[in-house]
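To keep things clear, I will list the structure first and then write my remarks on it.
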């Protein structure tokens, strides 16, 4: 039976990392908030292809939740997570820091990261301070682990772009590997927050993806009236009972809006909607 | 004749650093804004004692100057600086990045660092955003160079405490070495900005240090009426023609104010004043 190596303290983490470093190993980090599902396992598989040693971290970061958000009820399933990782045998280390380890001076007076304007757009407009909070924890994890590779899922695409920007702007020598969205059989993007959906909500949730897909198809056929296409998608999503927050066509590399597109720019369609107690997000590359 | 090795680009910097790393060398960084004086040379001497290889950086960081401050007229003397370093033969590498190298996405939309409340106190109250700007450049330098040791002067004591806080809070594996203030023969702390002083201003400038020294002496004798002692010092400084900004007794380790002192806390007296076109700061440990 595979035995899962875990580290909770900084010293036990460093001990393991030092050993790997001394033998010239490449290390990949897969940061998660736990409640591991197949989407996370895909990230870990890709990490395995990119490095010699794979570390998965589980840390529910209080700093990225607003006061009215779901920090206290976010699904925490440490025993299940460990069982999955033991069964799969695909990570070399599970890092389980507590809040005091990550934020040694407390969360209220922590040194924080301020990301550029994109952090206040799209999901950032709905969740003020969210991406700065994500940056604050990810920078700490990167400094603690100094991985060669950071593996991030494409579902949180805006997060990936912003973290890539942070890493480049702060000159961290880290490669980012993005991983395609993993979906349920009906198309819904896998997410821990899908657990918040009732059976009825779950049945209409794939409409978000379907609408983004239809919009992307229209773009592929040459349509370019972005605001009209976005409106059609929003109406479709609202008609079935979701509360759309945004549907938008952006540039893939930096999420710049359509007004800044150049002829050869690759595009991506992103959307977000509320559904019951959940907020679901998704995206489709054109 | 000693020939000074310089790096301007990130690639030439990394090439040299990689070579050192591969042989297990410890690297110290002495970050400066140039216009090198004897105070800087002391920092370099101490760096030499703490590491195998010493890098001095010269970079006038636009982000730490407010719009009404002296960024454009800050003394820049690159030829003199290089001549001094060649003559002294004490640094292994002079790092001279330009603004585009340090801030690849520009200064206006750069990822920035927000320091805790102390950054808005003392010098930070007089220079809003200054310490966040310092943190933003120092974090980039630390990421670019990954030094084992960061050497900082005690003259900018609040800066040293805040950078230490940033380094610990962000989990950077870097040792900070502080270096005592180097003074002119009449006691004035050495500073590039002393060049802004007229002959007459220069003659009264040491009053700041003398007043802090007197306050520290009173504390050593057991006096504890901090606010009264601070007021006496401020009056003395103002009487001779300086414009005092603050004189304050704080805890050495974190600059906490007197109200938070515990019996065995070590104390430090800090002061700042305007004098002509210069702003002079100083401190004395009790």
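Bear in mind these aren't lab numbers, they're just calculated from the coordinates by the rules spelled out. As the structure is a computational prediction, the values presented were derived from the model and not from experiment. Cβ placement follows ideal geometry from the backbone for every residue including glycine, while neighbour counts extend to all protein chains displayed.
Taking the DSSP beta bridges with both ends in the protein assembly as shown, the antiparallel portion is around 50 percent. Chain A versus the axis that turns it onto chain B: the residue with the nearest Cβ and the distance in whole Å amount to A:114, 3. Across peptide B:159-166, the average count of Cβ atoms from other chains found within 10 Å of a residue's Cβ is 1. The distance linking the stretch A:158-221 with the stretch B:111-155 is 36 Å (Cα centroid to Cα centroid, whole angstrom).
Tell me what chain A gives for mean residue ellipticity at 222 nm when only DSSP H runs of n ≥ 4 count, each as -39,500 (n - 2.57), the sum divided by the residue total, rounded to 500 deg cm²/dmol.
The helix contribution divided over chain A gives -11500 deg cm²/dmol.
Position residue A:72: other-copy label points at 5.5 nm, ordered by increasing distance, label point 7 Å along Cα→C-beta. Counted over chain A, the DSSP beta bridges are approximately 50% antiparallel. Against chain B, whose longest principal axis comes from its Cα atoms, helix B:130-145 is set at around 30 degrees. When chain A is treated as a GNM with alpha-carbon contacts under 10 Å, the residue of A:60, A:149, A:99 showing the greatest mean-square fluctuation is A:99.
With the Cα gyration tensor of the protein assembly as shown giving a ≥ b ≥ c as the square roots of its eigenvalues, does the rule (a/c under 1.5 for rounded; else a/b larger than b/c for prolate; else oblate) give rounded, prolate or oblate? Prolate.
By the Stokes-Einstein formula, at 1.567 mPa s and 4 °C, the stretch B:6-179 with its Kirkwood radius over alpha-carbon pairs has D equal to 78 µm²/s.
Using per-residue counts of other Cβ atoms within 10 Å, averaged over each peptide, order B:244-251, A:196-203, B:222-229 from highest down. Write out the running numbers ahead of the final one.
Working: B:244-251: 21.0, A:196-203: 14.4, B:222-229: 12.4.
Top to bottom by mean Cβ count within 10 Å: B:244-251, A:196-203, B:222-229.
Under the rule a/c < 1.5 gives rounded, and otherwise a/b versus b/c splits prolate from oblate, where does the stretch A:10-107 land using the Cα gyration tensor?
Oblate.
For the stretch A:228-252 versus the stretch A:1-29, the inter-centroid distance based on Cα atoms is 44 Å. When the square roots of the Cα gyration tensor eigenvalues are ordered a ≥ b ≥ c, the ratio a/c for the stretch A:173-259 is 1.5 or more and a/b does not exceed b/c, which makes its shape oblate.
Helix B:38-50 and the longest principal axis of the Cα set of chain B meet at an angle near 60°. Label-to-label distances for residue B:224 across copies, nearest first, come out at 7.7 nm, using points 7 Å from Cα in the beta-carbon direction.
What average count of beta carbons from other chains do you get within 10 Å of the Cβ of residues in A:107-115? Intermediate values should be presented prior to the final figure.
On the way: counts 0, 2, 6, 6, 15, 6, 6, 7, 4.
Going residue by residue through A:107-115 and averaging, the value is 6.
Remark: label point of residue A:262 defined 7 Å out from Cα along the Cα-Cβ vector; separations to the same position in other copies 5.9 nm, ascending.
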